[in-house]
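Okay, so here's the structure we're looking at.
The values are calculated or read from the model by the stated rules, or taken from the named source; none is laboratory data. Nothing here was measured: the structure is a model prediction, and the numbers come from that model. Ideal geometry is used to build each Cβ from the backbone, glycine not excepted, and the neighbour counts take in all protein chains shown.
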Amino acid sequence: MLKSAPCGRKKVHEPSSAGGAPQSWEEVLARFLREKSLRLTDQRRKIASIALSHDRHFEIQELVREVRKNHPEISPATVYRNVKTLCEAGLLQETLENRSGVTLYERTESGHHDHIVCLDCGLIFEFHNAAIEKAQTKAIRTMGFIETRHQHVIYAKCELIKK
């Protein structure tokens, strides 16, 4: 889907290239909760449904407002606890911080990718570059490390804007 950014750049979301039969988030969450001896409560299902309906990066406070609007009986603390659970289940991930230093979340189903944050309009562009990934892996191995995870974020100004 193409969307135009305020700076005029086209924002492109590329489909995931992951193979295999995808599991629904409900199946993944239910399996994770069983393994942790936790219950799949109605509140947890509602929070997960709203969080996983986002097709973009979002702040946890934005999620709290949306959950409270649709389900006022669910407390902000319950949303916070369940976002942590959704991250542990591998359904959500912390990706980067916005301009204000607030952590942003996104669904994990899109596979690994890196980010470019436009400092002019604030939009986040996702990309994957095999050469960058290969160079990072080589650097890690050369220095005697084993990667557990990484974030690559480039903050840039849009060259499309005439200054």
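Tyr105 satisfies every condition listed in (1) touching a residue at least 40 places away in the same chain (Cβ under 8 Å); (2) out of contact with any Cys (no Cβ under 9 Å at 6 or more places or on another chain) except (2). For the stretch 19-35, the set of residues classified as in a helix (DSSP H, G or I) and either hydroxyl-bearing (Ser, Thr, Tyr) or surrounded by fewer than 18 Cβ atoms within 10 Å (Cβ to Cβ) (or both) consists of Glu26, Glu27, Ala30, Arg31, Phe32, Leu33, Arg34, Glu35, listed by residue number. Can we say Lys84 is modelled with pLDDT of 85 or more, farther than 30 Å from Arg39 by Cβ and assigned to a helix (DSSP H, G or I)? Here the answer is no, as Lys84 does not meet what is asked. If I filter the stretch 36-44 for residues that are assigned by TED's automatic domain parsing to the domain that holds Thr103, part of a helix (DSSP H, G or I) and among the hydroxyl-bearing types (Ser, Thr, Tyr), do I get at least one hit? Among the residues of the stretch 36-44, not one is assigned by TED's automatic domain parsing to the domain that holds Thr103, part of a helix (DSSP H, G or I) and among the hydroxyl-bearing types (Ser, Thr, Tyr), which makes the answer no. The single condition among (1) in contact (Cβ under 8 Å) with a residue 60 or more places away in the chain; (2) surrounded by 15 or more Cβ atoms within 10 Å (Cβ to Cβ) that Val67 does not meet is (1).
Within the stretch 93-100, identify whether any single residue is at pLDDT below 80, within 15 Å of Glu62 (Cα to Cα) and not in a strand (DSSP E or B), and answer yes or no. Checked the stretch 93-100: at least one residue is at pLDDT below 80, within 15 Å of Glu62 (Cα to Cα) and not in a strand (DSSP E or B). Taking the stretch 23-45 as the range and being of a type in the set (Val, Ile, Thr) and over 19 Å from the mean Cα position of the chain (by Cα) as the test, only Thr41 passes.
Closer than 30 Å to Lys46 by Cα, part of a loop (DSSP other than H, G, I, E, B) and in contact (Cβ under 8 Å) with a residue 40 or more places away in the chain: is that true of Gln151 in this structure? Considered against the rule, which asks whether it is closer than 30 Å to Lys46 by Cα, part of a loop (DSSP other than H, G, I, E, B) and in contact (Cβ under 8 Å) with a residue 40 or more places away in the chain, Gln151 comes out as yes.
Restricting the search to the stretch 108-127, which residues are farther than 26 Å from Leu40 by Cα, free of Cβ contacts under 8 Å to residues at least 24 places away in the same chain and in a loop (DSSP other than H, G, I, E, B)? Hits for the stretch 108-127 are His112, His113. Criterion first (more than 22 Å from Glu26 (Cβ to Cβ), modelled with pLDDT under 90, of a type in the set (Gly, Ala, Ser) and out of contact with any helix residue (DSSP H, G or I) (no Cβ under 8 Å at 6 or more places or on another chain)) does Ala77 satisfy it? No.
Hey, any hits in the stretch 51-67 for a residue that's outside the structural domain of Leu123 (by TED's automatic domain parsing) and assigned to a strand (DSSP E or B)?
yes
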